[in-house]
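The values are calculated or read from the model by the stated rules, or taken from the named source; none is laboratory data. Quantities reported herein were computed from a predicted structural model and do not represent experimental measurements. Note that each Cβ is placed from the backbone with ideal geometry, even for glycine, and that neighbours are counted across all protein chains shown.
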Number of protein chains: 2
Amino acid sequence: MSDLVEFRHLKYIVAVAEAATITRAAERLFLAQPSLSKQVKDFEDELGFPIFIRTRQGVRITPPGQMIVAYAQEALLKRTKIIAMARAVHRGEVPPFRLGFSSFINPDLLQLFRDAYARLFPDCLIHLSGGDPLHLLHRLEEGTLDGALFPMPIDGQDWVMQQVARDPLVVCMQKEDPLARNAQVSLSDLAERLTIFRDPAVHPSAHNRLMEMLSQVGIVPEVSCSASTPVDIQWMVRAGYGVALIDQRTPIDSALTTRPIAGIHWTADTAFVHHNDADHLALPLVIRFAQEMRKSMSGKKPPLKDQVRPVQLELLA
Amino acid sequence: MSDLVEFRHLKYIVAVAEAATITRAAERLFLAQPSLSKQVKDFEDELGFPIFIRTRQGVRITPPGQMIVAYAQEALLKRTKIIAMARAVHRGEVPPFRLGFSSFINPDLLQLFRDAYARLFPDCLIHLSGGDPLHLLHRLEEGTLDGALFPMPIDGQDWVMQQVARDPLVVCMQKEDPLARNAQVSLSDLAERLTIFRDPAVHPSAHNRLMEMLSQVGIVPEVSCSASTPVDIQWMVRAGYGVALIDQRTPIDSALTTRPIAGIHWTADTAFVHHNDADHLALPLVIRFAQEMRKSMSGKKPPLKDQVRPVQLELLA
DNA sequence: TTCTTCCATAGACAAAAAGTATGGCGGCAT
DNA sequence: ATGCCGCCATACTTTTTGTCTATGGAAGAA
């Protein structure tokens, strides 16, 4: 099919497209004009359509030819780039990727990220730093982190972000809680019992958004307890201070359980974020991997049923 | 540099990586084993590092080799894909791209999109449909649109979206308005005069978001006038009904002017959206183009860098 | 040991890329 | 006009290189 198309051909047509005549392109490539003519012609024969229209003054590009030339430019750049990166990996010149993460993100996600990184950059290290989003953003800004995973939304214009996960937001309660008898929690029950929150100072924009969502369904909760990690939140739930909203895929304490909210489909969204000016060698591939994560995530929508998954993640290997 | 690396090499190393022995890979490729051995070796010499470690049982891949193999697989797929697309363009088999857009998006953006499409798919048509986001989303869902441009945030889980623009939100007023005498509008002045809004029914999530941002700075506006297009909004401003918030890059009536809000950096964000299941031939390239748009946008960001953090319209509601 | 299964090397051959020579065709200046 | 120049195509030769066959070595299995 297209097995006769080689990088050589791509290089040639890019040169021809730039030089606008085959003769001049041949000079630029240190090639005899008939050699180049033939290569271009062979390429066109293989494709099944002309890339260039020959005129007396030189060549003019055809519409599908334009697509091919654009592709060729990109493919050539990418080839040299990947090879340079692989050489750097071989020489052990890839600095550790410094990844920040909020303790509120799903640990599976962090694991997924690490696995993918190990696959893309074998034998290259990841340095993990936990922390609250405001602090992590600051570190991204000052360049002491290369990227971070944390809950959306994220304020600011200097960030490039890529959503990588979306999980239902569910109510976390004691297993013996009367609410746990039903498959779902009603809004009115939630309104009455919801008292435990993530510390607003830890991630103000996410807190505000949650408050907004609650107020839209007529709940103006009393924020009587706030915690800076999911573990602390669960401790408070266990200690009987009330119920809390958590990401469905948070690993939870064995004495606790979760229930969805009736008629509501709120979600906890996670993004991979890096600074506009960040330039870690691995970043381009990491970003593309984050896009894959988003795609695979949107493919399999989580079924809205609660499950207890007491998984403990080993943070540093 | 890497000019000796050809698609042939990529194909070979992918086969070797899959077969785990050079001998079996050679069979699969209908090639003699020494031929394949030599090609792999030549490739490795060119790269400067081994892709495979030879053992008696076959070959094992090296860390940088893994990167190269992963790249090779992708590059080979992409080559055939692009060629197939270009052939389709040549045969005139590309159906028109049905693009929806909200009248509230910046017209430059639509033009940019159309220009890019014309560049990527020369001689291929775009069918444009204006409308309100709820209606456009419905059409995306039923498959009568291939993609759409409209203001964020966007509700729902079935969408793939890509932010493509971010512009400051400014106050639109008559040129003779007393507020126009100052370079900026104070929040208290805004609170008093802001009465004209986009019709909430046109894009409820965006309206709610705006209301939330306003309430965060202590403004609970009276929505006395609503309009379904920027033109109608400007007509109301001109007719003296009050002031309105608009995208800074909206083309405005000659009798009107705009002013930023003091200490506030709200933005109007635009996204390119398509359905999870959409599969227009051009979509992959269009999506990549949308990513470019985002990058170029974040490159020339407005030079605002003071104490008040700009509020981002969240990526996903 | 002996057989098998890998991979590497060497030399012959064939395919294909690059080079040289030449011709046609249409502008352009004389 | 007419002759010159620039551009591309074709025909044929040379050089490069990809592929083949034959063969050897090394390590695990019988």
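Listed values, structure above:
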{"quantity": "Filter result for B:Arg54 (away from DNA strand D (no atom under 13 Å from the Cβ), more than 20 Å from A:Leu10 (Cβ to Cβ) and of a type in the set (D, E, K, R))", "calculated": "no"}
{"quantity": "Residue match in segment B:27-47 (condition: of a type outside the set (Ser, Thr, Tyr), within 16 Å of DNA strand D (Cβ to nearest atom), buried (at least 21 other Cβ atoms within 10 Å of the Cβ) and without any contact (Cβ under 8 Å) to a residue 24 or more places away in the chain)", "calculated": "no"}
{"quantity": "Residues that are more than 28 Å from B:Gly156 (Cβ to Cβ) and among the hydroxyl-bearing types (Ser, Thr, Tyr), drawn from segment B:189-248", "calculated": "B:Thr195, B:Ser224, B:Tyr241"}
{"quantity": "A:Phe113, sole failed condition from (1) over 18 Å from the mean Cα position of the chain (by Cα); (2) hydrophobic (A, V, I, L, M, F, W, C); (3) closer than 27 Å to B:Pro50 by Cα; (4) at pLDDT below 90", "calculated": "(1)"}
{"quantity": "Single match in B:Glu6, B:Glu27, B:Glu18, B:Glu44 (criterion: touching a Pro at 6+ places or on another chain (Cβ under 8 Å) and within 15 Å of DNA strand C (Cβ to nearest atom))", "calculated": "B:Glu44"}
{"quantity": "Some residue of segment B:64-74 being crowded, with 20+ Cβ neighbours inside 10 Å, away from chain A (no Cβ under 12 Å) and within 16 Å of DNA strand C (Cβ to nearest atom)", "calculated": "no"}
{"quantity": "Residue in segment B:54-64 that is under 27 Å from A:Ala72 (Cβ atoms), modelled with pLDDT under 95 and either outside any loop (DSSP other than H, G, I, E, B) or touching a Leu at 6+ places or on another chain (Cβ under 7 Å) (or both) present", "calculated": "yes"}
{"quantity": "Which listed residue, of A:Pro230, A:Pro200, A:Pro153, is in contact with a helix residue (DSSP H, G or I) (Cβ under 9 Å, 6 or more places away or on another chain) and assigned by TED's automatic domain parsing to the domain that holds A:Thr258", "calculated": "A:Pro200"}
{"quantity": "Residue in segment A:221-231 that is β-branched (Val, Ile, Thr) and modelled with pLDDT under 85 present", "calculated": "yes"}
{"quantity": "Spans of helices (runs of 4 or more DSSP H) in segment A:149-266 with at least 3 residues under 31 Å from the mean Cα position of the chain (by Cα)", "calculated": "A:204-216, A:230-238"}
{"quantity": "Any hit, segment A:244-258, residues being touching a Gly at 6+ places or on another chain (Cβ under 9 Å), modelled with pLDDT of 80 or more, surrounded by 14 or more Cβ atoms within 10 Å (Cβ to Cβ) and under 16 Å from A:Ser103 (Cβ atoms)", "calculated": "no"}
{"quantity": "Verdict on A:Pro168 being closer than 26 Å to B:Arg209 by Cα and either out of contact with any Gly (no Cβ under 7 Å at 6 or more places or on another chain) or of a type outside the set (Gly, Ala, Ser) (or both)", "calculated": "yes"}
{"quantity": "Number of positions in segment B:94-123 that are in a loop (DSSP other than H, G, I, E, B) and within 11 Å of another protein chain (Cβ to nearest Cβ)", "calculated": "4"}
